[in-house]
């Protein structure tokens, strides 16, 4: 079993409190399922907690956790495919309002980002949905910061073109 100190528990609680909501949002916008996103985040935190040796060598906990969630989401999508959210009107009345809001936001953003190449859409999600810097995004995606900046710029330019064609405003 675990030999856990109170300091270790306090440290983990602090990390969970600081990153849990952001990591959940990150996972949700990649798998499209509220429950699956929660499971992925919990699994990553559990593995993080259990791997004592690796934790000591981590330079940036935030980037490590995001990269772990990203990998878990890719594994999930390989195994099950991406979940397609059904129209919110057909979703059971039993789900919570915050879950409905998440689903509405997911649908709105996914529809917009589906107009972009995957690489550009992912960078825009990392920037706007997850609030990550270009440097953090580059570390998570294993590409250079310049590549992230280019994908960002081309994605924004493409959204502006879409805006002109459709006559809508995207902010």
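Read-outs throughout are calculated quantities, based only on the coordinates presented, and are distinct from any laboratory measurement. For clarity, every value in this text was computed on a predicted model and none was experimentally measured. So basically every Cβ, Gly included, is an ideal-geometry build from the backbone, and we count neighbours across all protein chains shown.
With a Förster radius of 30 Å applied to the beta-carbon distance between residue 160 and residue 80, the computed FRET efficiency rounds to 0.30. Neighbour counts of other Cβ atoms within 10 Å put 123, 143 in the fewest-to-most order 143, 123. Treating r as the C-beta distance of residue 150 and residue 58 and R0 as 41 Å, the FRET efficiency rounds to 0.90. Here the residues 125, 149, 59, ranked from fewest to most Cβ neighbours within 10 Å of their Cβ, fall in the order 59, 149, 125. Each of 110, 17, 122 was scored by other Cβ atoms within 10 Å of its Cβ. Arranged with the fewest first, they read 17, 110, 122. Across the range 18-38, the residues whose backbone nitrogen lies under 13 Å from the label position 7 Å along the beta-carbon direction of residue 46 are 38. Projecting label points 7 angstrom from Cα along Cα→Cβ for residue 111 and residue 142 puts them 3.5 nm apart.
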